[in-house]
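Here the structure is laid out as structure tokens; the discussion comes afterwards.
The values are calculated or read from the model by the stated rules, or taken from the named source; none is laboratory data. Since we're looking at a predicted model, the values are computed, not measured. Here the Cβ positions follow ideal geometry from the backbone for every residue, glycine too, while neighbour counts run over all protein chains shown.
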Amino acid sequence: MGQQEGMANALRHGRANRVRALFWIDNCALILTLTDNGTGSGQIKEGIGFSGIRELAAALGGRFEAGNSAKGSQITARIPYPAREATA
């Protein structure tokens with residue numbers, strides 16, 4: 001969920017040359033975090049890609065966050081595990 005969008009944004013907007021993807025299960029949630037070493041952003045403008053990820057996460061009972069990290073940008077999706085089926 002969102003890996004392609006996150007990587008495209010890191011390369012296109014943040015001028016990153018490295019993106020780290022982490023997936024894990026913690027406290028009955030599946031968590032995906034993408035962190036890059038780009039320029040970050042003063043303000044995250046949510047376009048079609050991020051709003052689609054946010055809607056899908058919400059449909060599965062989860063949440064999506066985007067912001068700056070210590071050295072670039074970070075997006076995180078947290079989905080209850082096991083996830084309920086999306087009803088779109």
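Applying a threshold of 9 Å to beta carbon distances and a minimum spacing of six or more residues, or different chains, the list of pairs starting in segment 39-66 at a residue that is on the phi > 0 side of the Ramachandran plot and ending at one that is assigned to a loop (DSSP other than H, G, I, E, B) reads GLY40/GLY14; GLY40/LYS71; GLY61/ALA83; GLY61/ARG84.
Let's see how each residue does on (1) surrounded by 14 or more Cβ atoms within 10 Å (Cβ to Cβ); (2) in contact with a helix residue (DSSP H, G or I) (Cβ under 9 Å, 6 or more places away or on another chain); (3) among the acidic types (Asp, Glu):
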position	(1), (2), (3)
ASN27	no, no, no
ILE31	yes, no, no
ASP36	yes, yes, yes
ALA59	yes, no, no
PHE64	yes, yes, no
GLY67	no, no, no
ILE75	yes, yes, no
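For segment 25-63, which positions are of a type in the set (Ser, Thr, Tyr) and at pLDDT below 90? THR35, THR39, SER41, SER51 - these are the residues of segment 25-63 that are of a type in the set (Ser, Thr, Tyr) and at pLDDT below 90.
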